[in-house]
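Engineer: Pasting a structure here, questions to come.
Bear in mind that the values in this text are calculations on the coordinates, not laboratory data. Since this is a predicted model, take the numbers as computed values, not measurements. A quick note on method: Cβ atoms are made from the backbone with ideal geometry, for glycine too, and the neighbour counts reach across all protein chains shown.
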Amino acid sequence: MSREEQRAFFMALLEREPAANIARETGYSDGTVSQVKHGKYKGDETAFLSKVLLIYGQWSCEALDATVSYKECAAEQTRPYSAGRVRQWAICQQCERRAA
């Protein structure tokens, strides 16, 4: 996704999600969210936008055969191994989005 697309995603997110929530979920300050919104952020905007996309974006999950959010992915990763979910567990182990 290009930087322009990431920025458009962020701006659309601001229409449905309070800036304070975005700040809290991403770990950035309210000021950072505001500065990025207004195009005045002096820091690494790409890192900020990538974090927003990680937290609020959705992607196709091969393990679940569904589109999932960051929170759904994180929850799946914390589920214990069991005989009933061998395939999902194995796929999660190789996923690039797997938490370290």
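Engineer: Can you tell me which residue among Ser50, Ser34 is part of a helix (DSSP H, G or I), over 21 Å from Met1 (Cβ atoms) and touching a helix residue (DSSP H, G or I) at 6+ places or on another chain (Cβ under 8 Å)?
Structural biologist: The match here is Ser34.
Engineer: Looking at Lys71, Lys37, Lys42, which one is touching a Leu at 6+ places or on another chain (Cβ under 8 Å) and surrounded by fewer than 17 Cβ atoms within 10 Å (Cβ to Cβ)?
Structural biologist: Going through Lys71, Lys37, Lys42 in turn, just one is touching a Leu at 6+ places or on another chain (Cβ under 8 Å) and surrounded by fewer than 17 Cβ atoms within 10 Å (Cβ to Cβ): Lys37.
Engineer: Could you check segment 61-100 and list, in sequence order, the residues that are among the aromatic types (Phe, Trp, Tyr) and over 19 Å from the mean Cα position of the chain (by Cα)?
Structural biologist: Tyr81, Trp89
Engineer: For segment 21-31, how many residues are touching a residue at least 12 places away in the same chain (Cβ under 8 Å) and either surrounded by fewer than 11 Cβ atoms within 10 Å (Cβ to Cβ) or in a helix (DSSP H, G or I) (or both)? Lay out the reasoning, then the answer.
Structural biologist: At the first step, the residues of segment 21-31 found to be touching a residue at least 12 places away in the same chain (Cβ under 8 Å) are 22, 25-28.
Checking which are either surrounded by fewer than 11 Cβ atoms within 10 Å (Cβ to Cβ) or in a helix (DSSP H, G or I) (or both) leaves us with 22, 25-27.
Looking only at that region, the number is 4.
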